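Colleague: Mind looking over this structure? Questions follow.
The values are calculated or read from the model by the stated rules, or taken from the named source; none is laboratory data. Not measured: the values here are computed from a predicted model. Cβ sites come from the backbone with ideal geometry, for glycine too, and all protein chains shown count toward neighbours. Surface areas here come from the heavy atoms of the whole protein model, side chains and all, with no ligands, DNA or RNA. Shrake-Rupley method; radii C 1.70, N 1.55, O 1.52, S 1.80 Å.
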Amino acid sequence: MISTKNRIISAMVAVVVVAMTSGLPQAVAVPTPPAPPSINIIPNITSVALVNGVLTATGTATAVVHGHTVTVPFSAPVDVTASPNPTGCPILNLRLGPINLNLLGLVVQTSPICLVITGFENGGLLGQLLCGLATALDNGIPLVQYLESLPPDQLNTLLTGITDLLNGSLSNLYNAVLTSIDSICGHPGHHRACAILHLELGPLDLTLLGLNIVLDDCDNGPITVDITAIRGGGLLGNLLCNLLGDNLINLGATLQDILNLVLARLH
(Lines give C-alpha, C1' and ligand atoms only; values in the text may rest on other atoms or scores of the structure.)
Protein backbone atom coordinates (compact mmCIF):
# COMPACT_ATOMS: atom_id res chain seq x y z
CA MET A 1 0.00 0.00 0.00
CA ILE A 2 1.09 3.58 -0.63
CA SER A 3 2.16 5.24 2.60
CA THR A 4 0.70 8.52 3.78
CA LYS A 5 4.12 10.13 3.37
CA ASN A 6 4.32 9.11 -0.32
CA ARG A 7 0.82 10.44 -0.94
CA ILE A 8 1.75 13.80 0.52
CA ILE A 9 4.89 13.97 -1.63
CA SER A 10 2.92 13.11 -4.82
CA ALA A 11 0.36 15.82 -4.04
CA MET A 12 3.10 18.40 -3.49
CA VAL A 13 4.74 17.50 -6.83
CA ALA A 14 1.41 17.87 -8.64
CA VAL A 15 0.88 21.30 -7.10
CA VAL A 16 4.37 22.41 -8.20
CA VAL A 17 3.80 21.18 -11.79
CA VAL A 18 0.48 23.02 -12.04
CA ALA A 19 2.09 26.18 -10.73
CA MET A 20 4.97 25.94 -13.21
CA THR A 21 2.72 25.39 -16.29
CA SER A 22 -0.20 27.66 -15.51
CA GLY A 23 1.62 30.71 -16.82
CA LEU A 24 2.62 29.16 -20.13
CA PRO A 25 0.77 30.33 -23.27
CA GLN A 26 -1.84 27.88 -24.50
CA ALA A 27 -1.59 26.40 -27.99
CA VAL A 28 -4.03 28.08 -30.40
CA ALA A 29 -5.22 26.38 -33.57
CA VAL A 30 -4.08 28.34 -36.64
CA PRO A 31 -6.91 28.63 -39.18
CA THR A 32 -6.17 27.21 -42.63
CA PRO A 33 -5.79 30.06 -45.14
CA PRO A 34 -8.37 30.04 -47.94
CA ALA A 35 -7.32 28.64 -51.30
CA PRO A 36 -5.99 31.32 -53.65
CA PRO A 37 -8.37 32.40 -56.43
CA SER A 38 -8.09 30.49 -59.69
CA ILE A 39 -10.06 30.15 -62.91
CA ASN A 40 -9.88 26.95 -64.97
CA ILE A 41 -12.37 27.77 -67.67
CA ILE A 42 -11.09 25.09 -70.04
CA PRO A 43 -12.43 21.76 -68.74
CA ASN A 44 -10.16 19.19 -67.18
CA ILE A 45 -11.27 15.84 -68.57
CA THR A 46 -11.42 13.25 -65.81
CA SER A 47 -12.46 10.23 -67.86
CA VAL A 48 -13.14 8.92 -71.34
CA ALA A 49 -15.53 5.97 -71.39
CA LEU A 50 -18.28 4.30 -73.37
CA VAL A 51 -21.65 5.77 -72.34
CA ASN A 52 -24.64 4.08 -73.98
CA GLY A 53 -22.42 2.96 -76.83
CA VAL A 54 -20.87 6.41 -77.38
CA LEU A 55 -17.28 7.24 -76.43
CA THR A 56 -17.71 10.25 -74.14
CA ALA A 57 -15.32 12.64 -72.40
CA THR A 58 -16.45 14.00 -69.04
CA GLY A 59 -14.83 16.54 -66.76
CA THR A 60 -15.20 19.87 -65.02
CA ALA A 61 -14.39 23.55 -65.31
CA THR A 62 -13.66 25.19 -61.94
CA ALA A 63 -13.17 28.53 -60.26
CA VAL A 64 -11.97 29.28 -56.73
CA VAL A 65 -13.46 32.60 -55.58
CA HIS A 66 -13.07 33.94 -52.03
CA GLY A 67 -12.11 30.49 -50.80
CA HIS A 68 -15.13 28.77 -52.35
CA THR A 69 -14.80 26.33 -55.25
CA VAL A 70 -17.39 26.45 -58.03
CA THR A 71 -17.53 23.44 -60.36
CA VAL A 72 -19.35 23.16 -63.70
CA PRO A 73 -19.69 19.72 -65.31
CA PHE A 74 -18.69 19.11 -68.91
CA SER A 75 -19.27 16.23 -71.31
CA ALA A 76 -18.85 15.80 -75.04
CA PRO A 77 -18.67 12.91 -77.49
CA VAL A 78 -15.31 11.76 -78.81
CA ASP A 79 -15.45 10.52 -82.40
CA VAL A 80 -12.58 8.25 -83.45
CA THR A 81 -11.76 7.51 -87.10
CA ALA A 82 -8.73 6.36 -89.06
CA SER A 83 -7.33 7.07 -92.50
CA PRO A 84 -4.71 5.14 -94.51
CA ASN A 85 -1.03 5.91 -94.04
CA PRO A 86 1.31 4.28 -96.57
CA THR A 87 4.34 4.68 -94.29
CA GLY A 88 3.06 2.92 -91.16
CA CYS A 89 0.06 2.64 -88.85
CA PRO A 90 -3.09 4.35 -90.13
CA ILE A 91 -3.57 7.95 -89.05
CA LEU A 92 -5.85 8.20 -85.99
CA ASN A 93 -8.28 11.10 -85.72
CA LEU A 94 -9.83 12.11 -82.39
CA ARG A 95 -12.67 14.64 -82.62
CA LEU A 96 -13.88 16.23 -79.39
CA GLY A 97 -17.30 17.86 -79.57
CA PRO A 98 -17.47 21.62 -78.93
CA ILE A 99 -17.09 22.96 -75.39
CA ASN A 100 -20.18 24.85 -74.22
CA LEU A 101 -20.40 25.89 -70.57
CA ASN A 102 -21.11 28.82 -68.24
CA LEU A 103 -18.73 29.49 -65.36
CA LEU A 104 -20.03 32.30 -63.12
CA GLY A 105 -21.12 34.46 -66.04
CA LEU A 106 -18.32 33.53 -68.46
CA VAL A 107 -19.90 31.55 -71.29
CA VAL A 108 -17.35 29.47 -73.21
CA GLN A 109 -18.08 28.09 -76.66
CA THR A 110 -15.51 26.48 -78.92
CA SER A 111 -15.34 24.95 -82.34
CA PRO A 112 -14.88 21.19 -82.54
CA ILE A 113 -11.36 20.17 -81.51
CA CYS A 114 -9.45 17.56 -83.51
CA LEU A 115 -6.25 15.64 -82.80
CA VAL A 116 -4.59 13.98 -85.80
CA ILE A 117 -2.20 11.40 -84.34
CA THR A 118 0.83 9.74 -85.98
CA GLY A 119 4.27 8.53 -84.85
CA PHE A 120 2.97 5.59 -82.82
CA GLU A 121 6.38 3.89 -82.67
CA ASN A 122 7.58 6.48 -80.15
CA GLY A 123 4.54 6.16 -77.89
CA GLY A 124 5.43 2.94 -76.05
CA LEU A 125 2.51 0.76 -74.97
CA LEU A 126 0.01 3.56 -75.56
CA GLY A 127 1.39 4.01 -79.08
CA GLN A 128 0.95 0.29 -79.75
CA LEU A 129 -2.64 0.36 -78.50
CA LEU A 130 -3.49 3.45 -80.55
CA CYS A 131 -1.91 1.84 -83.61
CA GLY A 132 -4.01 -1.27 -83.01
CA LEU A 133 -7.13 0.89 -82.69
CA ALA A 134 -6.33 2.80 -85.89
CA THR A 135 -5.67 -0.45 -87.78
CA ALA A 136 -8.94 -1.96 -86.60
CA LEU A 137 -10.94 1.10 -87.63
CA ASP A 138 -9.16 1.27 -90.99
CA ASN A 139 -10.19 -2.35 -91.54
CA GLY A 140 -13.83 -1.54 -90.87
CA ILE A 141 -14.13 -2.89 -87.32
CA PRO A 142 -16.61 -0.72 -85.34
CA LEU A 143 -15.13 1.25 -82.46
CA VAL A 144 -17.37 -0.23 -79.75
CA GLN A 145 -16.68 -3.79 -80.93
CA TYR A 146 -12.93 -3.21 -80.85
CA LEU A 147 -12.93 -1.59 -77.41
CA GLU A 148 -15.08 -4.36 -75.94
CA SER A 149 -12.63 -6.96 -77.29
CA LEU A 150 -9.68 -5.55 -75.34
CA PRO A 151 -8.57 -7.03 -72.00
CA PRO A 152 -9.52 -4.72 -69.09
CA ASP A 153 -5.93 -3.60 -68.43
CA GLN A 154 -5.34 -2.66 -72.07
CA LEU A 155 -8.71 -0.90 -72.31
CA ASN A 156 -7.89 1.11 -69.19
CA THR A 157 -4.44 2.05 -70.55
CA LEU A 158 -5.94 3.09 -73.89
CA LEU A 159 -8.75 5.23 -72.45
CA THR A 160 -6.46 6.80 -69.85
CA GLY A 161 -4.00 7.63 -72.62
CA ILE A 162 -6.75 9.25 -74.71
CA THR A 163 -7.80 11.26 -71.63
CA ASP A 164 -4.21 12.47 -71.15
CA LEU A 165 -3.88 13.37 -74.84
CA LEU A 166 -7.09 15.40 -74.75
CA ASN A 167 -6.06 17.24 -71.58
CA GLY A 168 -2.58 17.93 -72.95
CA SER A 169 -4.15 19.38 -76.10
CA LEU A 170 -6.84 21.40 -74.30
CA SER A 171 -4.24 23.06 -72.07
CA ASN A 172 -2.98 24.86 -75.18
CA LEU A 173 -6.29 26.74 -75.45
CA TYR A 174 -5.05 29.12 -72.74
CA ASN A 175 -2.64 30.38 -75.45
CA ALA A 176 -5.52 31.23 -77.82
CA VAL A 177 -5.15 34.81 -79.05
CA LEU A 178 -7.86 37.48 -78.94
CA THR A 179 -8.64 38.52 -82.52
CA SER A 180 -11.84 40.55 -82.08
CA ILE A 181 -14.22 41.96 -79.47
CA ASP A 182 -17.89 42.23 -80.40
CA SER A 183 -19.74 44.70 -78.20
CA ILE A 184 -23.33 43.48 -77.97
CA CYS A 185 -24.77 45.68 -75.22
CA GLY A 186 -28.40 46.36 -76.02
CA HIS A 187 -28.55 43.89 -78.92
CA PRO A 188 -31.81 41.92 -79.11
CA GLY A 189 -31.40 38.58 -77.37
CA HIS A 190 -28.24 39.73 -75.57
CA HIS A 191 -29.71 42.14 -73.04
CA ARG A 192 -27.34 40.98 -70.28
CA ALA A 193 -24.22 40.24 -72.34
CA CYS A 194 -21.70 43.06 -72.62
CA ALA A 195 -19.36 41.54 -75.23
CA ILE A 196 -18.18 38.43 -77.04
CA LEU A 197 -14.42 37.86 -77.13
CA HIS A 198 -13.28 35.83 -80.13
CA LEU A 199 -10.00 33.96 -79.75
CA GLU A 200 -8.15 31.59 -82.08
CA LEU A 201 -5.45 28.94 -81.73
CA GLY A 202 -3.48 26.97 -84.28
CA PRO A 203 -3.36 24.73 -86.11
CA LEU A 204 -0.55 23.44 -83.90
CA ASP A 205 2.04 20.68 -84.28
CA LEU A 206 2.53 19.03 -80.88
CA THR A 207 4.42 16.13 -79.35
CA LEU A 208 2.47 14.55 -76.49
CA LEU A 209 3.37 11.28 -74.75
CA GLY A 210 5.84 10.61 -77.55
CA LEU A 211 3.16 10.95 -80.26
CA ASN A 212 3.00 13.44 -83.12
CA ILE A 213 -0.24 15.44 -83.02
CA VAL A 214 -1.77 18.12 -85.23
CA LEU A 215 -4.35 20.17 -83.31
CA ASP A 216 -7.00 22.06 -85.28
CA ASP A 217 -10.73 22.73 -85.70
CA CYS A 218 -11.36 19.51 -87.68
CA ASP A 219 -11.31 21.53 -90.93
CA ASN A 220 -7.59 22.39 -91.14
CA GLY A 221 -8.27 25.75 -89.50
CA PRO A 222 -7.71 27.35 -86.09
CA ILE A 223 -9.66 26.28 -83.04
CA THR A 224 -12.00 29.11 -82.05
CA VAL A 225 -12.82 30.05 -78.46
CA ASP A 226 -15.65 32.53 -77.88
CA ILE A 227 -16.05 34.02 -74.39
CA THR A 228 -19.31 35.85 -73.73
CA ALA A 229 -19.32 38.07 -70.64
CA ILE A 230 -22.75 38.10 -68.95
CA ARG A 231 -23.40 41.04 -66.65
CA GLY A 232 -25.47 39.83 -63.73
CA GLY A 233 -24.79 36.21 -64.67
CA GLY A 234 -22.12 35.77 -62.03
CA LEU A 235 -19.06 37.39 -60.47
CA LEU A 236 -16.63 36.49 -63.27
CA GLY A 237 -18.97 37.82 -65.95
CA ASN A 238 -19.34 41.10 -64.03
CA LEU A 239 -15.57 41.46 -63.63
CA LEU A 240 -14.89 40.82 -67.31
CA CYS A 241 -17.57 43.37 -68.30
CA ASN A 242 -15.91 45.91 -66.00
CA LEU A 243 -12.49 45.24 -67.55
CA LEU A 244 -13.94 45.70 -71.02
CA GLY A 245 -15.65 48.91 -69.93
CA ASP A 246 -12.31 50.22 -68.66
CA ASN A 247 -10.64 49.31 -72.00
CA LEU A 248 -8.13 47.06 -70.23
CA ILE A 249 -8.39 44.14 -72.65
CA ASN A 250 -6.60 44.53 -75.97
CA LEU A 251 -6.43 42.52 -79.16
CA GLY A 252 -3.49 40.12 -79.16
CA ALA A 253 -3.98 39.14 -75.52
CA THR A 254 -4.11 35.42 -74.79
CA LEU A 255 -6.92 33.72 -72.92
CA GLN A 256 -4.57 33.31 -69.96
CA ASP A 257 -3.73 37.05 -70.07
CA ILE A 258 -7.45 37.85 -69.88
CA LEU A 259 -8.04 35.45 -67.00
CA ASN A 260 -5.06 36.95 -65.15
CA LEU A 261 -6.71 40.38 -65.37
CA VAL A 262 -9.93 38.93 -63.93
CA LEU A 263 -7.95 37.24 -61.14
CA ALA A 264 -6.25 40.55 -60.34
CA ARG A 265 -9.68 42.11 -59.81
CA LEU A 266 -10.60 39.21 -57.50
CA HIS A 267 -7.66 40.08 -55.25
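Colleague: Let me test this: with uniform point scatterers at the alpha carbons of region 156-231, what is the Debye-based log₁₀ I(q)/I(0) at q = 0.23 1/Å?
Modeller: Reported log10 I(q)/I(0), two decimals: -1.00.
Colleague: Based on the alpha carbons, how large is the Rg to Rh ratio for region 120-267 when Rh follows Kirkwood?
Modeller: Rounded to two decimals, Rg over Rh is 1.13.
Colleague: Can I ask one more? Apply 1/(1 + (r/R0)^6) to the Cβ-Cβ distance of residue 150 and residue 200, taking R0 = 25 Å, and write down the FRET efficiency to the nearest 0.05.
Modeller: 0.10
Colleague: Now for a separate question. In terms of the Cα gyration tensor, with a ≥ b ≥ c the square roots of its eigenvalues, is region 195-267 rounded because a/c is under 1.5, prolate because a/b exceeds b/c, or oblate?
Modeller: The shape class here is prolate.
Colleague: How high is the FRET efficiency from residue 177 to residue 266, r the C-beta distance, R0 25 Å, rounded to 0.05?
Modeller: After rounding, the FRET efficiency stands at 0.60.
Colleague: Out of the total accessible area of region 115-267 (probe 1.4 Å, heavy atoms of protein only), what percent is carbon and sulfur?
Modeller: 51 percent
Colleague: Using +1 on the beta carbon of Lys and Arg, -1 on that of Asp and Glu, and nothing else charged, what's the dipole of region 104-217 about the Cα centre, debye to 20?
Modeller: Around 360 debye, computed over region 104-217.
Colleague: Whole angstrom only: what separates the Cα centroid of region 33-65 from the Cα centroid of region 102-176?
Modeller: That distance is 16 Å.
Colleague: Where does the Debye-calculated log10 I(q)/I(0) of region 58-107 sit at q = 0.18, 0.29, 0.32 Å⁻¹, using only Cα point scatterers of equal weight, no solvent?
Modeller: Taken in order of the listed q values, log10 I(q)/I(0) reads -0.68, -1.07, -1.16.
Colleague: Using a 1.4 angstrom probe and counting only protein chains, how large is the accessible area of residue 48 in Å², to 10?
Modeller: The accessible area of residue 48 comes to roughly 10 Å².
Colleague: Using bins 10 angstrom wide from zero, how does P(r) for region 50-182 break down, in % of all Cα pairs?
Modeller: Reading the bins upward from 0: 10, 37, 30, 16, 6, 0.
Colleague: Using a probe radius of 1.4 Å on heavy atoms only, what accessible surface per residue do you get for region 105-165? Whole Å² is fine.
Modeller: Accessible area per residue, region 105-165: 42 Å².
Colleague: Turning to a different aspect of this structure: May I ask you to order 216-223, 244-251 by the average number of other C-beta atoms within 10 Å around their residues, highest value first?
Modeller: Per-residue mean Cβ counts within 10 Å order the peptides as 216-223, 244-251.
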